[in-house]
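Undergrad: Would you mind keeping the following structure in view while I ask a few things?
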Amino acid sequence: MTKRAFLKTLAFMTGLFFVLEFFLPDKVGGRFDSYEVHAPAPVQTSSGTHLFYAGSYADRLPALGGLTRTAPSAPWLPLSENPLLQRSPLVPEDLTGMQHLAGLPAKGWIELFYIGTSAGQNTTLCHASGSTDGLQWYRKPPPRFLPPSPPLQRAGQTHLRPNGPLPGNMEGFAVDYSNDQWTFLLLLRITGKGLSVWQATGRELTALQLAETPLCPPESIPADVTAFDGARAGSGWTLFFVALNQLTTVTIDSHGTLTQSTPRQLVATGERVTAFRTAHDGFYISSARDRHPTPPREFSPRDTQLLLLPTTEHASPVMIHHPGPRPTPTYLSRGILTAGTFLQIIVATALLIPVINLSLFHGKKIARLTPGWSMSGIFFICLIGMFLITLAGKGTGTTQGQSELWTQTYSFLFKSIIQPMGTAVFSMIAFYMVSAAYRSFRVRSLESILLMASACIVMIGQMPLGELQASVLPDSTYYLGLPWLSQKLLTVINACAYRGVLIGLTIGGISIAIRIWLGLDNSVYSGLEGKPR
Amino acid sequence: MTLRTKHLLIVMAGVILTAFLAQGEYRIVNHMLSASIPASTILYQRGMIWLGALGTLAVYSFLIRENPFYKAFEYALLGCATGMGIAIVIQDALMAKCLIPIQHGITLMRHDGLTMEALDGLILVIPGLIGLLWFFQFSKRWFWISRIPMVIGLGAGAGLAFKDLFNRIVPQITGTAKPLWPGETFMAGASFWDRAAIGFENFVFVVGTLSVLIYFFFTVRRKHLLVRGPAALGRWYLMLSLGAFFGNTFMSRLSALIERVHFLCSQWLGLSKPW
Amino acid sequence: MKADPTPGFWDRVQHCSPRVLYLLFAVMMVALEFHTVRFPIPVPSYVNKLYQAIETLPPGKIVILDSSMDAGWYPEARGAFEVIVRHLFKRGIPFAVFTNTSFFEGQRLGPQIVEDVAREMGKEYGRDYCIWGAIVLAQGAGLQSLAKDIHGQVKVDASGRPLATLPMMQKVKDIQDIGLIFSVCYSWESVQWLGFIRSVYGTPYAVGTSAISSSTAYPYLDSGQITGMIPGAAGAASYERLLKSPGSATRIAAVQSFAVLYVVAAIALGNLAMALAALKTRREAKT
């Protein structure tokens, strides 16, 4: 075997390990709800009680699961081995989370609502309809809330909030359907004001009128609420707030008078109720406990469960469901950790080579006293001095066992040479850019006009001066404001143009990676015969 | 102007400047002393600021012309940065990742024999030895051996780059498929004009990406009728994008300059208030 | 070709020495150091998104602050890093400062900011924040291993204490315990959080980057791969406005605002001089 063939094989085998790790699954086996179960939603139908819940295979991979029982004494059986509803790339609202499920039968369907979390961590109240046997599910558009008095909307803002312009961020909700009318109670967190409960009603889910004032003001809501539900009580409401593991009930009568109960402990101390729903046979809750003492790293760090709690005080909860069987990691996914450490050591050693080369270059200059040797001398003194001082004194100020003198010296050199001069060298380009702008930004063609106009708009539009220019414009001509223009230039024009470049670059990068891996790129293997070319 | 007058002017300017700096320094030190800061701290802090200020001025002196003052500080910066970098590689990578675990493994082996835990440390001898092969770079005869760690790095790098690039680009390609008329799924309950505005924005986006891709597409001749128009459009998009790049670049450099000017005026000369 | 023996005024303006421009620019920068005019700064949607992401972080998770900054763009990096540190301290979310050997200057710069703010706000090391020992990136292999086993990769903190002895790190095992990654890096793509963490595990990822390389992040913001961004000093100033605590970034943005006018004026003057000189030449040619 020639040297070249040996090296190519070595590169191929190393690359193969990492490529296989990418294509083969990290873990095998397991159920769709093997990581976590939470957010139970009981629904009473003619065929029995269904209990829907959100499960996940890994953190942030939500799916809808279901259990059913025909009689109160019968055991809970899974509706299906597979998830009833899975995340879909076409529906961005619930890609990374499903929380606080609530279901109810209406017009021959099961209507299910939940708070979905998008990839960008935005929360949306989502809606899905299912057949009464709980097996067929369809996604519906999110319910839309209308504000009491619509504020002026700028075009392009609406799509960011599928639920309409709500006054705050939704952290919980309750839903009721009676007399052909939908009623939603929304637990909203308003920045600077805290949590409050708002009522919204309507016949259509696309037009739910939000009340002008909150049903329950922030003062009556306990701190650190993790779950919320509400139920009709006569002509008023009973609101349930769960903070960690304490349940507080707030009753609101038809005149709007609030009565708060004393808190009641729901689950053992150390556990946290993550979702809460009330039904005729008790409270359905999901709780989480941090796994103790140390879980194997491939498992969920939390222990989660679905529980049914009788409404009577001092009764202990009944277990309904635990996460399903867990997946097992493959040898490859365990081996990648060792391979990573190996690679880190090999790559780190390589960093010594350029320094040795640089030192050899300057060392020769000093030894031969060639012109400029004094500068090489400065380089050497600084190199060796900083090297020793960093070894002796690097720390962040909290370091124990290091000499104060070395730490101070290290700090001195860093703050007096590296930091100020680094910034100064970086900032010097500003002078050259001014000169370049003056000399070469000339209006000669359409392209140069575009370049110049875009540069000016971006520079001023992102600055306080741009905001000042926009503030003198009337609200209806916001699109003439430089901040708006610069934002559109950056987030639409620049984004799409650079995306084109990026796609090209990446395809090129991938093809180069494949060429190197398969040994098709010979430039890497040149100079093997002892004569570097 | 005769040479003598010129020298006289330079000396006078020097005297005025020194007096100005000395009076500023006297004011600052006096202020610090009155705040009962120990003399050693004052010396440390003022020394740091003076060295920093001289370095900054040395760098800016390059704008007039290249000079030894600039060069000396440039080499000092280069030396310090390299020295710090190499110390950190040795301390945080080679010691922490390789030598200390090996040492720990040997200690464990002496106490409990060859357990799995001891092996975890001892196995790191292998990458340590492979890493040492890099030093064959300095031998002409055995140069090829230094290629062994290099191809391992390249092979692994290719595998990792493949994963990195692939993971990053797929959402970019799928994200370009934007709805040109956002329906109920995308904008529930939105008005006609809102939909039209977003639809137009998406249209501009999709056209931009495609035309820029066509601009960089060299398989078909540039003069081909189907390529000429979109490629010209792609060029306009690129010009707008490059203008934004220029604007942003200038702002970045400017931030650094503003901070430097503030450092000189506030911390060094004590003329303006600190932020 | 024979040179014009008497170049006109506009010709001279057009071809003036760059040192004149440098001098004018320097004088203006020093003058702006003393100005005190303040305007509100616009808040772009991506800065607001990052603010909202931190406001709605789920409890029980920590945040990774990647301090991959270097001295060159420290003024911008400082703003972006400091606002997030302040926000996290204010909300009581524990965070870990991540450093690496490639951007070694960040090992000193980031922790310095955190310690200054912690002292000011009375926060405790090990409970409210910690500083991890540096890792080797090695083309992404370091991050890949970090995601699977944090304690295996970062064995000790920056001052050599075992990570497991810090109270806030005891329940943190792997990437599932991380609620957000905020990376401060000059060219944010150099630390491959996107390819090895965000795309694989879906952990929200936001960047604080120099204005220069912010231009390359917009396609990723559009596709949702990046949750939010603080681009340069202007972005940090917007964030300071959201936090209602103006600091160094607001000050830099206020000065920048006038300094960019100098460039706009320089471009305008350059073009005007060119046009007038050309007009004069044409007129002379006619006569």
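Undergrad: Take the residues in region C:150-173 that are in contact with a Pro (Cβ under 8 Å, 6 or more places away or on another chain) and closer than 21 Å to A:Y35 by Cβ; name whichever of them is surrounded by the most Cβ atoms within 10 Å (Cβ to Cβ).
TA: Only one residue fits best here, namely C:K173.
Undergrad: Kindly evaluate A:A437 against the criterion of being of a type outside the set (S, T, N, Q), in a helix (DSSP H, G or I) and touching a Gly at 6+ places or on another chain (Cβ under 7 Å).
TA: When the stated conditions are applied, A:A437 does not pass them.
Undergrad: Same structure again: Just for region C:188-208: of the residues that are within 11 Å of another protein chain (Cβ to nearest Cβ) and of a type in the set (S, T, N, Q), which one is surrounded by the fewest Cβ atoms within 10 Å (Cβ to Cβ)?
TA: Result: C:S199.
Undergrad: Do we find that C:A211 is crowded, with 24+ Cβ neighbours inside 10 Å and either free of Cβ contacts under 8 Å to residues at least 24 places away in the same chain or out of contact with any Pro (no Cβ under 6 Å at 6 or more places or on another chain) (or both) in this structure?
TA: For C:A211, the condition - crowded, with 24+ Cβ neighbours inside 10 Å and either free of Cβ contacts under 8 Å to residues at least 24 places away in the same chain or out of contact with any Pro (no Cβ under 6 Å at 6 or more places or on another chain) (or both) - is not met.
Undergrad: Considering A:S300, A:S286, A:S316, which residue is part of a loop (DSSP other than H, G, I, E, B), hydroxyl-bearing (S, T, Y) and at pLDDT 80 or above?
TA: Checking each option against the conditions leaves just A:S316.
Undergrad: Just a yes or no: is a residue in region A:83-106 more than 22 Å from the chain's Cα centre (by Cα) and among the basic types (K, R)?
TA: Among the residues of region A:83-106, not one is more than 22 Å from the chain's Cα centre (by Cα) and among the basic types (K, R), which makes the answer no.
Undergrad: Still on this structure, please answer the following. Return the residue satisfying two criteria in turn: it lies in region B:213-234 and is farther than 18 Å from A:K488 by Cα and either facing chain A (nearest Cβ under 10 Å) or of a type in the set (D, E) (or both), and of such residues it is surrounded by the most Cβ atoms within 10 Å (Cβ to Cβ).
TA: Filtering first and then ranking leaves B:Y215.
For (1) within 27 Å of C:K171 (Cβ to Cβ); (2) in contact (Cβ under 8 Å) with a residue 24 or more places away in the chain; (3) surrounded by fewer than 24 Cβ atoms within 10 Å (Cβ to Cβ), each residue gets a yes or a no:
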| position | (1), (2), (3) |
| --- | --- |
| C:L57 | yes, yes, yes |
| C:M69 | no, yes, no |
| C:I84 | yes, yes, no |
| C:I93 | yes, yes, yes |
| C:V97 | yes, yes, no |
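Undergrad: If you don't mind, another one. In contact (Cβ under 8 Å) with a residue 40 or more places away in the chain, over 26 Å from A:L391 (Cα atoms) and of a type outside the set (D, E, K, R): which single residue out of B:I64, B:I28, B:I37 fits that description?
TA: Result of the check over B:I64, B:I28, B:I37: B:I28.
Undergrad: How many residues are surrounded by fewer than 18 Cβ atoms within 10 Å (Cβ to Cβ), at the interface with another protein chain (Cβ under 7 Å from one of its Cβ atoms) and modelled with pLDDT of 85 or more when one looks only at region B:177-200?
TA: So the count comes out to 1.
Undergrad: Keeping to region A:193-214, report how many residues are closer than 14 Å to A:G172 by Cα and not β-branched (V, I, T).
TA: 6
Undergrad: Residue pairs, Cβ under 9 Å, 6 or more apart or interchain, first in region A:363-380 and assigned to a helix (DSSP H, G or I) and at pLDDT 90 or above, second among the hydrophobic types (A, V, I, L, M, F, W, C) and exposed (fewer than 13 other Cβ atoms within 10 Å of the Cβ). List them.
TA: The qualifying pairs are A:W373/A:A367; A:S376/A:F361.
Undergrad: Same structure, new question: Check A:A513, A:A470 and return the single one that is part of a helix (DSSP H, G or I), touching a Phe, Trp or Tyr at 6+ places or on another chain (Cβ under 8 Å), facing another protein chain (nearest Cβ under 8 Å) and more than 24 Å from B:I198 (Cα to Cα).
TA: A:A513
Undergrad: May I ask you to list pairs of residues, at least six apart or on different chains, whose Cβ atoms are under 6 Å apart, with the first in region A:54-66 being assigned to a strand (DSSP E or B) and the second being of a type in the set (F, W, Y)?
TA: A:G55/A:F32; A:S56/A:Y35; A:A63/A:F32; A:G65/A:Y53; A:G66/A:F52
Undergrad: Same structure, new question: Wholly within region C:105-212, which strands (runs of 3 or more DSSP E) include no fewer than the required count, namely at least 2 residues that are closer than 26 Å to A:G15 by Cβ and of a type in the set (F, W, Y)?
TA: Answer list for region C:105-212: none.
Undergrad: Scanning region B:259-275 for residues that are of a type in the set (A, V, I, L, M) and not in a loop (DSSP other than H, G, I, E, B), which turns out surrounded by the most Cβ atoms within 10 Å (Cβ to Cβ)?
TA: B:L264
Undergrad: Can you report the number of residues in region C:138-185 which are within 7 Å of chain A (Cβ to nearest Cβ), on the phi < 0 side of the Ramachandran plot and hydrophobic (A, V, I, L, M, F, W, C)?
TA: So the answer is 2.
Undergrad: Just one of A:P142, A:P75, A:P89, A:P83 is under 24 Å from A:Y177 (Cα atoms), free of Cβ contacts under 8 Å to residues at least 60 places away in the same chain and not in a strand (DSSP E or B); which is it?
TA: A:P142
Undergrad: How do the helices (runs of 4 or more DSSP H) wholly within region B:50-128 filter down when requiring 3 or more residues that are surrounded by fewer than 21 Cβ atoms within 10 Å (Cβ to Cβ) and modelled with pLDDT under 90: which remain?
TA: The helices (runs of 4 or more DSSP H) meeting that bar are B:116-122.
Undergrad: Grab the strands (runs of 3 or more DSSP E) fully contained in region A:181-264, keeping just those with 3 or more residues being more than 27 Å from A:G103 (Cβ to Cβ).
TA: By residue number, A:258-260.
Undergrad: Which one is surrounded by the fewest Cβ atoms within 10 Å (Cβ to Cβ) among residues in region A:116-130 that are at pLDDT 80 or above and among the polar types (S, T, N, Q)?
TA: Per the stated criteria, the residue is A:S129.
Undergrad: Now, a different point. B:L133: more than 10 Å from chain A (Cβ to nearest Cβ) and more than 18 Å from C:V156 (Cα to Cα), yes or no?
TA: No: the conditions fail for B:L133.
Undergrad: Does region A:211-259 hold any residues that are within 30 Å of the chain's Cα centre (by Cα) and among the charged types (D, E, K, R), and which are they?
TA: Those that are within 30 Å of the chain's Cα centre (by Cα) and among the charged types (D, E, K, R): A:D224, A:D229.
Undergrad: Of the residues A:P474, A:P464, which is surrounded by 19 or more Cβ atoms within 10 Å (Cβ to Cβ) and without any contact (Cβ under 8 Å) to a residue 60 or more places away in the chain?
TA: A:P464
Undergrad: Something else: From the set of residues in region C:227-256 that are at the interface with another protein chain (Cβ under 9 Å from one of its Cβ atoms) and not in a helix (DSSP H, G or I), which is surrounded by the most Cβ atoms within 10 Å (Cβ to Cβ)?
TA: C:P231
Undergrad: Further question: Every residue in region B:146-173 that is within 25 Å of C:L221 (Cβ to Cβ), of a type outside the set (F, W, Y) and within 7 Å of another protein chain (Cβ to nearest Cβ), please.
TA: B:L160, B:A161, B:K163, B:D164, B:L165, B:N167, B:R168, B:I169, B:P171, B:Q172, B:I173
Undergrad: Would you point out the residue of region C:25-46, among those that are in a helix (DSSP H, G or I) and in contact (Cβ under 8 Å) with a residue 60 or more places away in the chain, that is surrounded by the fewest Cβ atoms within 10 Å (Cβ to Cβ)?
TA: Once the filter is applied, the top-ranked residue is C:M28.
Undergrad: If only one of A:I429, A:I457 is under 30 Å from C:L21 (Cα atoms), touching a residue at least 24 places away in the same chain (Cβ under 8 Å) and surrounded by 15 or more Cβ atoms within 10 Å (Cβ to Cβ), which one is it?
TA: A:I457
The values are calculated or read from the model by the stated rules, or taken from the named source; none is laboratory data. Here the structure is a predicted model, which is why all the values come from computation and not from measurement. Note that we place each Cβ from the backbone using ideal geometry, even for glycine, and neighbour counts take in every protein chain shown.
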